[in-house]
Structures are given as structure tokens and as C-alpha cells.
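Nothing in this text is a laboratory measurement; each read-out follows from the coordinates by a stated rule. On a predicted model such as this, the values are computed, not experimentally measured, just so you know. We place every Cβ from the backbone using ideal geometry, glycine too, and count neighbours over all the protein chains shown.
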Amino acid sequence: MEPLQDKIGRRDLLRWMASTSALCGGLGSTLLSMLGKSASAEAPTASTGDFEPVAGAIPPVAQHCPQPSVAPPDGATDAIFDIFGNFWSLSRQDAQAQRRLLVLPAQAADKWVADELSGLPRGGWRFLCADEFGYVWATSEQRCMRLDPHAPQAGWLDFSADLAATMHPAPSITAAGVSPSGAATFAVKSAAKGALIEVDQDQKTSVEVTAAPIGIDRLLCNEQGDMWLSCGGKSYRKSAATDAWQRRWEMVDRLSAGDHDLSGDVLNGKFYMAGGQNAGWGYPAVPHVFHELLAFDPQTMRWSTVAELDQPRFYNGTSFLDERIWVVGGYTRDQAYKAVILKSVLIIDPHTGVRTAGPPLPEPLDNPLALHAGGRIYVAGCQLPPDGSALTGPLSTCLLFSIGSGETAWHREPDGPSYRIALAGTVLDDNLYLAVAGKGLGCFDTRKKTWSTVPVAHAARSPQMAAYRGEIWIMGGRDIEHQDAVTIYSPKDATWKAGPDLPRPLAWGAATEIGGRLMVVGGAAGRGYNNRTFLLRDRAI
């Protein structure tokens, strides 16, 4: 895996900021109300911007996030959830109407503790929210502060002056939440004016100030990307933009934290995914390798943990054979957090969680890709270059092995095309399709035992890839101009076409068709690791 040190371009930033609607707690689809004394119920002015009055209360919005294992202390505010797996809350007000910041860290999720690392003083804090870029925000009526959980010792970045400069006289904050773009958003009022301020995550500036009713006390976004406001007992709505990602995709659930270097497969109607890693987990947010086998059930639209792996793994293959899940090779990390390549295979009964050792790979493979076709598991990968320069070294030959029911050793199949690092792939009609960076698709006919190549300009590296409705979908990836772009190949017609963009730039995630719908989960690009699960809407095709 290469470090995510590059920044996405301005266009990709703005499109990525077309991020989640169903945010939970501060991350979205839950409503963010005022904490403490409610805002004065001033009558809205005639200037409500693009928000239209709607009769009745704001409709309920489904929550799509994990719940804390321990409820916040009595009198504390509702918990919010960040992309690093932490929950946050504000303590009960003391006699001076002040609160402290509380955290339930992912690595010690059995007890809420006062945050002693970031230096946020006890104060009149009223709102908390966590955006899709990994930041946590705390606000009072006059102050707006931002924390990066990667570096709590750096303290809180003060955005108060930036908000104050947007209106005259300086506004007060009446509500906070996350916009359909995934960015922190604050409702403010000043004299006879109201506004929503959406804060840029790359620079210490606000990127958009939108006219809104005065005295907003709640704001939320629904699954369609509409923004709803409550103000003085009245409801207002701003419909999603015509190009909003929520019109193409639906966010249905979240992982316990952002995750990438993923793969998975569908067995008996459920999607199984093992391992993965990220650059930020817990508080403080530190690099982490996961050790769980997860299952996504399209009937409940929820993830669950099926079993613990024998050790943390990432870049492993995940497929199935004989009603069991096979976790193939990959990497783990030693005590110095150095990557250690594996050739071991783990077989897991998804009903009982029982683990057994499977036949090891004939040799360690860099980033093995496991696919089920024709009653066999096929594993493609390459030997890691001696100097480890997988990105810049010489091309490596794609090695292919397979194993079937009752067999105790892997069978060597014909070698595939040469490539550099991190294959992605899928299966259609028992043919393997592999995304070969810079070349196109490598296609292996499992019946004829032959390879062929389908060229394409600007072939992505490490995209999300799935077979859907008889076509091959290649979504996002690295080494392309727009990392949210989707291209579709039809083997029947031997043609390419563009598909609906992803909700945000992504690479190294997992994708599949499940329950008749196309799913994308996890992945990363730019600053943030994705913890969301997206399903393509039928109307987007």
C-alpha cells in the first residue's frame, strides 16, 4: 500500500464533498439539535434563500451507523460517531452551564472518559459534529473549534474569526451539523439575517455562505440529499442538486471505522469481507490492521462480525468454497508495524465462526486476488520485487493458482499479463476479469485456460470492480484524473461506456452485486478513509 500523502484536486474535493447524507450523530442523518438552552424562536424573515417552507415537522431520517457499546453518562448529549471508530459527547452542564468533552475511544470502548489530550477547556459548548473528512467540531454560540483526532496534541483550530467575518455584526451559532457534501455546516444569525456556513476542509476559510431563515435550531440531511431546517416551529427544505451523488447512490450502513485494501465475495446471499487497514483508528487515531470477518446482509442492510481472523490481515484475498469462507494470504504487520507477507490460508465456517487452516499458497503473493469461478477458487498475484519497489520497479508476471472441492493443494494455472501492484477483479460467466493498471482488462477463460487482454485508455490501478447486469464495472482507482469516475465494459458487445460517478473518489475498496444491486464499500482517497456502504439506485442506470 502506498501512503496517502497526495491531496485530491479542487474538482475532486468539491465532488467528494458531495458526501454523505444519512449522517449519524454529527455525521449526518441524525438531527443535530441545540444542546442546552434552545435558540429563541424568532419568526423567519422573508429571506429564506433556496429553502422552501414545508407543512408539518421534519420527517424522520434513518440512522446508518454503529451504536456505542456504552451509553453516554446521564445528562450528556447524544453520542456522535467519527470515521476513526470513536464516539463523542458533551458532559452534563455544571452550575456555570459549562460542559466537558467526553470520548468513547475505539480501542477502549467500555468506558466514557473526559478528553485530556486535546486541551479543549470546559466551557459553554453546545454542539458537536464529526464530518466526513475526519474532523470533530465543537461550538458554542460564539466559538467554533476543530480537532484532528490524528493529532490531539496539536489542539483545536479556532474558526471563530472566520465565522464572525461572514456577517456584520458578528453572528451567533444556533445549530450545527453536516451538509449533503459531508462538510461541517453551521447555522448562524445576525441582526435580522440568517445563514448556513459550510466550512472548507483544505483551507481555514468558509467556502459557501447560503441565505437561510433566521434562528435555525435544527438541521439535517436525508438519504435523498435534501437539507432540512427547523426554525421557530416551522420546517424548511432545500432539494438536492440535480447532480448530487445521492440521486445516483444510497448510503445504507457504515463500517466500524474507515477501511481499505479490501476484497470479498458473496455466499448464500451475503457479502463477506475480511481484514483491511487504515491510517487512523481510535483516539488518538493511529494506523490499524483489522482482524475481523464481516458479513453484509442485504435483507437488513447491516454489517455484522462473523468471526475473528487468526491474525490481522490486509491485502488478502477473500472468497468461498464448499460453503466456507477462504481468507487467502495477504499481509500482516510485526511489532514495528512493518508489513509481513503471508502465504497461509484460513477457512471459516460463517455459521459457527470456527476457523481451520487451509492449504497454504505455493509461494507468498503480493496483494493476492481471490475469485470463485466454476466451482473453484482462483488466486492471482505476483512475487514481490526483491527491493520491495512494487510501484516503481519492473513489471511482475501475474501468477494464477486454483483449488477445488476436496483438493489439498493449489494447482498452477497459465500465467497472466505482467503488471505492477494491486490487482482488482471480478467474475462474469466463469471468466476472470482483472484490472491491469495502465493496460486494461486481463481476461482468463477458466474453461479454455487462456488469457486475453482488452485495452482501455487510462486504465485505473486498484479500482473497485464488480460484475453487474452482464457488464464489468470499474469504479474509481488510482492513476486516473478523476478518482470517482466509473467505466463499464460489455463483454457481449466489446464496448466501453461511462457510468454514474461514485459518491466520492475511492480506491482499494470492495464492490459486488448483491440482492440485485451494485454495492461499493470502504476504500480511500486523499485524506479520508471511507467507512460507508453505498448501493446504486436503479434510476441511476
Label-point gap, in nm, between E323 and R122 - each point 7 angstrom along Cα→Cβ: 6.0 nm
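Just from its helices, what would the mean residue ellipticity at 222 nm be for the chain, if runs of 4 or more DSSP H residues each count -39500 (n - 2.57) and the sum is divided by every residue, rounded to the nearest 500 deg cm²/dmol? Each step should come with its number before you reach the end.
Numbers: 2 runs with 12 residues, N = 541.
Value at 222 nm, helices only: -500 deg cm²/dmol.
Scan the chain and hand back the longest stretch that contains none of the GluC sites (Glu not before Pro) lying in DSSP loops with at most 14 other Cβ atoms within 10 Å.
117-322
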Nearby aspartates and glutamates by direct alpha-carbon distance to K238 (threshold 12 angstrom, same-chain neighbours under 8 apart not counted): D50, E52, D226
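For the chain, calculate the relative contact order in percent as a whole number, restricting contacts to Cα pairs under 8 Å that are 6 or more residues apart. Please report the intermediate quantities before stating the final value.
On the way: 1555 pairs, mean separation 67.1, N = 541.
Reported as a whole number, the value is 12 percent.
So, with +1 on the Cβ of K and R and -1 on the Cβ of D and E, and no other charges, what is the size of the charge dipole of the chain about its Cα centre, to the nearest 20 debye? If you can, show how the numbers build up before the last one.
Details: 49 positive and 57 negative charges, 116 e Å.
Roughly 560 debye, rounded to the nearest 20.
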Extreme residue, positive dipole direction of region 249-540, given options W451, G375, P505 (C-beta unit charges): P505
Dipole-positive endmost among T305, I348, N316 within region 290-365 (Cβ charges, Cα centre): N316
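So for region 136-280, averaging the separation of alpha carbon pairs under 8 Å that are six or more residues apart and normalising by length, what relative contact order in percent results?
Numbers: 255 pairs, mean separation 17.8, N = 145.
Once normalised by length, the contact order is 12 percent.
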Summed side-chain charge close to L371 - residues other than L371 whose Cβ falls under 13 Å, Lys, Arg +1, Asp, Glu -1: -3
Interchain or long-range residues, amide H under 5 Å from D115's placed H: L101, L102, V103
Paired Rg and Dmax values of the chain, which use every Cα atom, in angstrom: 24.2, 78
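Pairs K338/K449; K270/K448; K343/K497; K270/K343: which are spaced more than 32 Å apart, C-alpha to C-alpha?
Values: K338/K449 37 Å; K270/K448 30 Å; K343/K497 38 Å; K270/K343 26 Å.
Distance filter (> 32 Å) returns K338/K449; K343/K497.
If you take the beta carbon distance between T397 and D158 as r and set R0 to 41 Å, what does 1/(1 + (r/R0)^6) give as a FRET efficiency, to the nearest 0.05?
Numbers: r = 55 Å, r/R0 = 1.33.
About 0.15, to the nearest 0.05.
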Calculated FRET value between H411 and R447, using beta carbons and R₀ = 22 Å, to 0.05: 0.90
Cα-centre dipole for region 272-330 with unit charges at Cβ (Lys and Arg positive, Asp and Glu negative), debye to 20: 180 debye
Length released on extending from A191 to K338, taking residue separation times 0.36 nm less the Cα-Cα span: 47.2 nm
Region 249-540: mean projected area of Cα convex hull, nm²: 14.6 nm²
